1. Looking for whichever is assigned to a helix (DSSP H, G or I), hydrophobic (A, V, I, L, M, F, W, C) and touching a residue at least 24 places away in the same chain (Cβ under 8 Å) here; the options are ALA65, ALA77. Which one fits?
2. When only residues in the stretch 80-89 that are assigned to a helix (DSSP H, G or I) and of a type in the set (Val, Ile, Thr) count, which is surrounded by the most Cβ atoms within 10 Å (Cβ to Cβ)?
3. Looking at the stretch 59-71 only, could you name the residues that are closer than 19 Å to ASP27 by Cβ and either in contact with a helix residue (DSSP H, G or I) (Cβ under 9 Å, 6 or more places away or on another chain) or crowded, with 19+ Cβ neighbours inside 10 Å (or both)?
4. Does any residue in the stretch 143-156 that is in contact (Cβ under 8 Å) with a residue 40 or more places away in the chain and closer than 10 Å to VAL212 by Cβ come within less than 7 Å, Cβ to Cβ, of a residue that is surrounded by 15 or more Cβ atoms within 10 Å (Cβ to Cβ) and of a type in the set (Phe, Trp, Tyr) six or more places away or on a different chain, and which pairs are these?
5. For the structure I just gave you, tell me whether GLY178 is modelled with pLDDT under 85, surrounded by 13 or more Cβ atoms within 10 Å (Cβ to Cβ) and not assigned by TED's automatic domain parsing to the domain that holds GLU109.
6. Among the residues in the stretch 37-58, are any aliphatic (A, V, I, L, M), within 25 Å of the chain's Cα centre (by Cα) and more than 14 Å from ALA11 (Cα to Cα)?
Amino acid sequence: MGGGKVGAFLARDLARKGHHVAVIERDLELCRRLSEGTDAAVICGDGCELRFLEEADMGEADVFAAVTGDDDDNLVACQLVKTYFRISRVVARINDPRNEGVFRKLGVEGISSTSAIAQLIEERTTVGEIITLHALKKGGLSVVELNLPRDSCASCGVALRDLGLPRGCVLVSIIREGEAIIPRGSSVLQPGDTIIAVTEPGKERELKRIFVP
């Protein structure tokens, strides 16, 4: 739901990748542009009304995304879809970060670009801190990133096999000068390297202590 810049980009990108996409948009001019610029089915109407959701074959959908610029509309549409069509995954664009708690309490997967940008700014300015890139909720794992200091590094010059990595932590990549390196037991870290690892919950601090004591 929503055929503005975000919705139009999603429609084009997903359709290009072979997904069957339907877009519900209430603005007639935006519907015309979408019809001309994408392979998606375009329904001109209000996504907060059941009849337009039914016209979009919502009962056959795997995922519903509400990406309008109005948080109230996005939340109402997601609730309708969850209630009447039993869609397992609904995703909503959150325009005002203060609304994140409401979406979360109602079981809607909300995405706030404002919060994401603020988090990236805060995380990227701290060298030597663990950054969680992605939480693999079903598997109870996290993909984390750790930037090693450029001036001094206690773990640098030591083979990975001799660092004593904690159980439940696996190094998957070393980023050095923009190049990804697959780590091996004999690999040796250098100051300024970025480490990508998969860890079990609660292992992040232990991992950090090894590389940045």
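The values are calculated or read from the model by the stated rules, or taken from the named source; none is laboratory data. Since the model is a prediction, treat every value here as computed from it, not as a measurement. Please note: Cβ atoms are built from the backbone with ideal geometry, for glycine as well, and neighbour counts cover all protein chains shown.
1. Checking each option against the conditions leaves just ALA77.
2. Filtering the stretch 80-89 down to residues assigned to a helix (DSSP H, G or I) leaves 80-85.
Narrowing the set further to residues that are of a type in the set (Val, Ile, Thr) leaves 81, 83.
Numbers: VAL81: 25, THR83: 10.
Across the stretch 80-89, the extreme among qualifying residues is VAL81.
3. ALA65, ALA66, VAL67, THR68, GLY69, ASP71 - these are the residues of the stretch 59-71 that are closer than 19 Å to ASP27 by Cβ and either in contact with a helix residue (DSSP H, G or I) (Cβ under 9 Å, 6 or more places away or on another chain) or crowded, with 19+ Cβ neighbours inside 10 Å (or both).
4. LEU146/PHE211; LEU148/PHE211; SER155/PHE211
5. no
6. Scanning the stretch 37-58 turns up at least one residue that is aliphatic (A, V, I, L, M), within 25 Å of the chain's Cα centre (by Cα) and more than 14 Å from ALA11 (Cα to Cα).
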